[in-house]
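Only the coordinates and a few stated rules stand behind these numbers; no lab work does. Since the model is a prediction, treat every value here as computed from it, not as a measurement. Every residue, glycine as well, gets a Cβ built from its backbone with ideal geometry; the counts of neighbours run over all protein chains shown.
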Amino acid sequence: MALSPVITIDGPSGSGKGTLCQMLARELGWHLLDSGALYRIVGLAAQKQQVSFDDEAALAELAAHLDVEFRAGIEGEPSTVWLDGEDISDQVRSESTGELASKVAVFNAVREALKDLQRDFAKAPGLIADGRDMGTVIFTDAAVKIFLIASAEERASRRYKQLISKGESVNLAALLKDIQKRDERDMNRAVAPLRPADDAVVIDSTAVAIEDVFNQVLARVSSALELSS
Ligand code: DC
């Protein structure tokens with residue numbers, strides 16, 4: 001499968017995956033795949049084109065024709081998402097788009113349509129892959145697999161701060177409920193449910209600073225790359 005090294009970071013939303021992946025991609029100078037954004041973009045495209053969220057074949061057709069690029073942000077800046085040459089980062093990351101993504105992600109045909117696109121991101125010098133099934137389905141032979149978790153309350157609180165800082169009006173209790181509902185859907189779906197790969201290292205970030213998680217993962221990556229060279 002992938003010739004260049006791949007590090008997979010899977011876990012539920014709000015576990016710190018996105019931040020960790022950006023830190024790793026920046027530190028190593030590697031490519032970044034935000035696979036959640038692909039599902040979000042399919043959800044957005046379906047809404048725009050009024051494709052029914054029950055129409056698996058039509059959703060898969062949308063998924064098969066995405067022209068997407070991720071650019072790692074410079075120090076202190078978030079990465080950006082580009083569709084057909086347009087920066088759609090803000091729209092992609094909104095809470096309502098996450099809900100659309102979770103709906104399209106249950107379909108096998110949509111997941112199949114996105115497989116090759118995701119694997120094409122594995123290029124030299126290496127790839128940091130952020131998602132739910134990076135280690136279990138997409139990059140099964142990744143050099144290092146991390147499964148990052150945090151309590152639902154902690155994740156809701158992080159998301160709350162993030163959205164408030166962006167000027168979105170949100171309610172913490174409603175956010176927690178949404179997170180629990182989405183976890184439930186992601187963990188219990190028939191296709192590629194959210195779970196750690198057998199060879200993944202599970203890290204709980206609830207009470208750990210993201211810098212500490214970063215250092216821990218970087219140490220694992222360094223030793224894995226040394227072992228394989
Ligand atoms: O990580 P995120 O919040 O951007 O993901 C949005 C949704 O997409 C989430 O509900 C689960 C789904 N998803 C998925 O099924 N597989 C992935 N590899 C990434 C995301």
*Select from Ser96, Ser79, Ser52 the residue whose mean-square fluctuation is largest in a Gaussian network model of the chain (Cα-Cα springs shorter than 10 Å).*
Ser52
*Mind giving me the FRET efficiency for Asp199 and Ala109? R0 is 22 Å, r the Cβ-Cβ distance, nearest 0.05 is fine.*
0.20
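How much mean residue ellipticity at 222 nm does the chain get from its helices, if each DSSP H run of length 4 or more adds -39500 (n - 2.57) and you divide by all residues, to the nearest 500 deg cm²/dmol?
Working: 9 runs with 111 residues, N = 229.
Taking each H run of at least 4 residues, the total per residue is -15000 deg cm²/dmol.
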_Please compute the length gained on full extension between Ala209 and Glu226, using 0.36 nm multiplied by the number of residues separating them and subtracting their Cα-Cα distance._
3.5 nm
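Quick one: net charge around Leu176, please, counting Lys, Arg +1 and Asp, Glu -1 for every other residue with C-beta under 12 Å from its C-beta.
Details: positive: Arg155, Arg158, Arg159, Lys177, Lys181, Arg182; negative: Glu153, Glu154, Asp178, Asp183.
Within the 12 Å Cβ shell, the charges total +2.
Per residue, how much space in cubic angstrom lies within the convex hull of the C-alpha atoms of the range 152-217?
Working: hull volume 7.4 nm³, N = 66.
So the per-residue Cα hull volume is 111 Å³.
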*the range 123-184 versus the range 186-205: alpha-carbon centroid distance in Å*: 12 Å
_Approximate shape of the chain as ellipsoid semi-axes (Cα gyration tensor, √5λ), whole Å, largest first_ = 25, 21, 17
